[in-house]
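Readers should treat all values here as calculations from the given coordinates under stated rules, not as data from a laboratory. Not measured: the values here are computed from a predicted model. All Cβ positions, glycine included, derive from the backbone under ideal geometry; neighbour counts span all protein chains shown.
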Amino acid sequence: MDGIPVKVIYSRRKSLSMKFDKTGTLIVNAPTHVSEGEVRSFMREHTRWIRLNYVKALNMAENLKAHEFKGGGKLLYLGKEYGIRISGRGRIVKGQDEFIFPEGADEASYERWLKARAKEYLPVRLTYRAYEMGITYRELRISGAKSKWGSCSETGKITLSWRLMMCPPESIEYVLIHELCHRIHMDHSKAFWAEVESMMPDYKKHKKWLDDHGYLME
Ligand SMILES: [Zn+2]
């Protein structure tokens, strides 16, 4: 269809469905008994949806590529984009507008660096926020969670993803406030959101940034 890459996956499911993956390929999930012609007419019926969402998927694929690790690429740190330069040996150096990586560094080196920053930054911010809000928690764990930025257990254990270090400071603060508010309400009720809002009146803006950049967790 108009040069849009399509992949049909047959399985024991009941109905046809489709979605774009993060590379911009249209994935059509089809029940085993459905014919090729039926798949095609299903796609024809949804031409508008496909065109619209193809553009969105491509933008996301572009974004992802921009954050791929290589010289000339871009990286995010605390919500700011940095260029990547590969030069010499030794440690990773963060300059004003670029990261200087030693020869042979790869995405894993950047992730290790981010993790180390997370271990310095997040405990300090969480301690401060908890103190300011007059809320206690039991412990903080820093994880590489890919499904969520943060969580809070019934017993008061807060888990934060080191991937938060790619996000703007305000969005990180929102996650801290969100998890600490779970110490008052263990749900996402109206009362919970009212609590979040009382701590951060413009939280919606900072939450939206996280929603829009969920692909950074992958
Ligand atoms: Zn929550």
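Data table
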{"item": "Antiparallel DSSP beta bridges within the range 110-217, as percent of all bridges there, nearest 5", "result": "40 percent"}
{"item": "Principal axis dimensions, the chain - Cα atoms, whole angstrom, descending", "result": "62, 53, 29"}
{"item": "Hull-based mean projected area of the range 6-65, where the convex hull spans the alpha carbons, in square nanometres", "result": "4.0 nm²"}
{"item": "The chain: DSSP helices with Cα axial extent of at least 27 Å and average Kyte-Doolittle hydropathy no lower than -0.5", "result": "47-66"}
{"item": "Kirkwood Rh in Å, taken over the range 100-144 so that all alpha-carbon pairs contribute", "result": "12.5 Å"}
{"item": "Order of ILE86, ILE158, ILE50 under a 10 Å beta carbon neighbour criterion, fewest first", "result": "ILE86, ILE50, ILE158"}
{"item": "Contact order relative to length of the chain, as percent, for alpha carbon pairs under 8 angstrom and 6 or more apart", "result": "13 percent"}
{"item": "Tail beyond 20 Å, pair distance distribution of the range 105-218 (Cα, percent)", "result": "38 percent"}
{"item": "Percent RCO, i.e. relative contact order, over the range 110-217, from Cα pairs under 8 Å lying at least 6 residues apart", "result": "25 percent"}
{"item": "Protection proxy ranking of 125-138, 27-40 - average other beta-carbon atoms within 10 Å, highest first", "result": "125-138, 27-40"}
